[in-house]
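The values are calculated or read from the model by the stated rules, or taken from the named source; none is laboratory data. Keep in mind the model is a prediction, meaning the values are calculated, not measured. With ideal geometry, Cβ positions are generated from the backbone for all residues, glycine too; neighbour counts draw on all protein chains shown. The accessibility values were calculated without ligands, DNA or RNA, using every heavy atom of the protein model including side chains. Shrake-Rupley method; radii C 1.70, N 1.55, O 1.52, S 1.80 Å.
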Amino acid sequence: MSPIRSATIVALASAVLATTLTGCSFGAAEEDDSPITIGADLELSGAAAPVGKAYQRALELKVDQLNASGALGKRKVRLTVKDNRSDVNESLRNVGDFSNDAKVNAIIMGGCNECAVGAVRTINERKIPTIALAPSGAVASPTPERRYVFKLAPNAADSAAALTVELRRRGITEVGVLHSADDYGREGLAALDDEFRKVGIKRVRAEAVRTTDTELGEPIRRLANRDPAGLIIWTPPEQAALAATAADQSGYAGSLFFDAAAAGDLFLGGSGRATERATLIFTQTMVIDDVIATTPAKAARRQWFQDYTARFGGYNGLSSFAADAVQLLADSALRAGGPTGSVNRDGLRDVLETSQLDGLSGPIRMTPDNHSGLMPQALTTLVARGGRWRLAG
């Protein structure tokens, strides 16, 4: 375990205390020392294991940092992790177990869209605040039917808008789209079509692939045969890398574009040659080592990047969403108050619904009408150069 730097402790303390100390005072005799317990339902085995393991690393690092910072007073965050094996039914069982445990204050779910949507009824009935890291809009919308469900991931409409701006800047008027055959993939295709209609970009072909597919040569060839100037890859990270390799092997000479859900590791490894000069829409934290830390928020993001890299030997772009989910829940639990040692789930939910945070991922704003908190301003344009992602420009 790498040592927690003093700068990190100061940044973490400031982030929590700025939003929690107003209206609160900790008297030595009455200070709450009850733990803030978070259950995590993650894809640690099965098809989505690489993403789930990235989330687990981030959650554990963030919990360690918060507990070492002293920002929670005598309270500590406790993390309990269950593997859902990338299976919807197993995920639902995990959520049920967490919600039945009176010691669990809240749940964080991983990147499985179907798991999060499938658990909505249980989450609402058990009244347990839950932040899902899955990108599908159906996770947190319609809001009246998802009172206890929140989402912390890029939104399809925001990714589509940013991609369209970049296509126009590059003068690309015809594109092909490879998208996942799930709710998020279909949502993305619809969002792209909406944006394309506004500016006269033509989608010449779209191909849907199951998220478990690994043989992508044929759908990529069908797209490449239409000779579009741009090829958009709207799939999970591991599949996006396979798609880029398939495009390279097919001889496709156009430009590759990835939506935010395709982000994964900073260093591109074996897919580096295939993705060279590809464009990715994602958060600035992915390349914060390219950014001058001119604000406290940017300094905190840089420190997070450095701490994660020091502990794990590399950086995964999705990690900041998991870390921000822990921060939001810890902050909300402190502000929700309640008798010492009690679990105040309703109070936590109410506070979470109006939370604002200049987080590691970017600006986050939850409201009663919008439970998907990542703001569009969090997204920027990255480009693959020399086997890693860099800030475009």
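Things worth noting here:
- Condition check for Ala278: on the phi < 0 side of the Ramachandran plot and out of contact with any strand residue (DSSP E or B) (no Cβ under 9 Å at 6 or more places or on another chain): no
- Check on Pro129, modelled with pLDDT under 95 and touching a helix residue (DSSP H, G or I) at 6+ places or on another chain (Cβ under 6 Å): no
- Pairs meeting the criteria (first residue in the range 100-125 and farther than 19 Å from Asp350 by Cα, second residue open to solvent by 40 Å² or more (accessible area, probe 1.4 Å) and modelled with pLDDT under 95, beta carbons under 6 Å, at least 6 apart or on different chains) are Asn113/Asp183.
- Filtered by the rule that a residue be free of Cβ contacts under 8 Å to residues at least 60 places away in the same chain and not in a loop (DSSP other than H, G, I, E, B), the range 307-318 gives a lone residue, Thr309.
- When residues of the range 35-46 are limited to those that are under 17 Å from Val104 (Cβ atoms) and open to solvent by 10 Å² or more (accessible area, probe 1.4 Å), the one modelled with the highest pLDDT: Thr37
- For the range 136-152, the tally of residues that are in contact (Cβ under 8 Å) with a residue 12 or more places away in the chain and assigned to a helix (DSSP H, G or I) stands at 5.
- Summed over the range 366-393, residues that are touching a Ser or Thr at 6+ places or on another chain (Cβ under 9 Å), without any contact (Cβ under 8 Å) to a residue 60 or more places away in the chain and of a type outside the set (Gly, Ala, Ser) total 1.
- Cβ-Cβ contacts under 8 Å between residues 6 or more apart (or on different chains), taken from a first residue in the range 269-285 that is in contact (Cβ under 8 Å) with a residue 12 or more places away in the chain to a second residue that is among the β-branched types (Val, Ile, Thr) and surrounded by 23 or more Cβ atoms within 10 Å (Cβ to Cβ), are absent.
- Residue match in the range 323-339 (condition: in a loop (DSSP other than H, G, I, E, B), closer than 21 Å to Ala157 by Cβ and within 21 Å of the chain's Cα centre (by Cα)): no
- Residue list for the range 50-68, restricted to those being modelled with pLDDT of 95 or more, over 13 Å from the mean Cα position of the chain (by Cα) and not basic (Lys, Arg): Glu60, Leu61, Val63, Asp64, Gln65, Leu66, Asn67, Ala68
- Residue match in the range 305-312 (condition: in contact with a helix residue (DSSP H, G or I) (Cβ under 9 Å, 6 or more places away or on another chain), of a type in the set (D, E, K, R) and within 20 Å of Ala261 (Cα to Cα)): no
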